[in-house]
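Below is one structure, written out as structure tokens, with a few remarks after it.
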Amino acid sequence: MPASKPLRSIARLRIHSTTHHAVRLCGGGVQVELSVIGPGLFRIRAHRGPDLAPSRSWAVVDQAGSPSMATVHATEETVSLRTPNADLTWSLTDGSWVLQSGDLELFRSTPGSMGFSRETAGLTLALHDREALFGLGESTGSLNKRGLIREFWNIDDLGYAPA
């Protein structure tokens, strides 16, 4: 894989708007949307420019029924989306985030590790010592992808008509 390109970190954001199941963040020419799309299922969208693209993701689940059981909690430094099953907390200062279920941490990004280079977007996850990373779509090589750099070429909505 090619060497990773330096990222301009998504950090120092402010809350732009909230609904019962989503938070829009902005700052430094970047828009981020954190949303709940199912019990314990979250989506993070990031976009360079004045606003998020209007297209929606068809990749995971239909978002028409976003759960009303979600709550938004904000402080000066963090914003959290909480459901009965899990919490997603975003640091407004350094752009890191953590997804946890109760006391169990599921994923954590490292501070300053989510952002954009000139051509691409990137994210680095912080894994615990004995954690493995499996899957990542149609990716060749060993099953455990830990420590590897993976390049994705996916996009969500190609403008297909509803079927």
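List of remarks:
- Gly115 vs. criteria at pLDDT 85 or above and either within 17 Å of Glu33 (Cβ to Cβ) or open to solvent by 90 Å² or more (accessible area, probe 1.4 Å) (or both): yes
- Among the candidates Arg24, Arg45, the residue that is surrounded by 15 or more Cβ atoms within 10 Å (Cβ to Cβ), modelled with pLDDT under 90 and closer than 29 Å to Ile149 by Cα is uniquely Arg45.
- Some residue of the stretch 57-71 being surrounded by fewer than 15 Cβ atoms within 10 Å (Cβ to Cβ), at pLDDT below 85, part of a loop (DSSP other than H, G, I, E, B) and acidic (Asp, Glu): yes
- Residue in the stretch 87-98 that is surrounded by 12 or more Cβ atoms within 10 Å (Cβ to Cβ) and more than 24 Å from Arg24 (Cβ to Cβ) present: no
- Matching residues in the stretch 27-42 - criterion: being over 10 Å from Leu13 (Cβ atoms) and either in a strand (DSSP E or B) or modelled with pLDDT of 95 or more (or both): Glu33, Leu34, Ser35, Val36, Ile37, Gly38, Leu41, Phe42
- Condition check for Arg12: in a strand (DSSP E or B) and modelled with pLDDT of 85 or more: no
- Of all residues making up the stretch 125-158, the number that are of a type in the set (S, T, N, Q) and either surrounded by 12 or more Cβ atoms within 10 Å (Cβ to Cβ) or at pLDDT 80 or above (or both): 3
- Restricting attention to the stretch 76-86 and to residues that are over 15 Å from His21 (Cα atoms) and in contact with a strand residue (DSSP E or B) (Cβ under 8 Å, 6 or more places away or on another chain), the residue that is least open to solvent (accessible area, probe 1.4 Å) turns out to be Thr78.
The values are calculated or read from the model by the stated rules, or taken from the named source; none is laboratory data. Note that the structure is a prediction, hence the values are computed from the model and not measured. Positions of Cβ are generated from backbone atoms using ideal geometry, with glycine treated the same way; all protein chains shown enter the neighbour counts. In case anyone asks, the SASA skips ligands and DNA or RNA and just uses the protein heavy atoms, side chains included. Shrake-Rupley method; radii C 1.70, N 1.55, O 1.52, S 1.80 Å.
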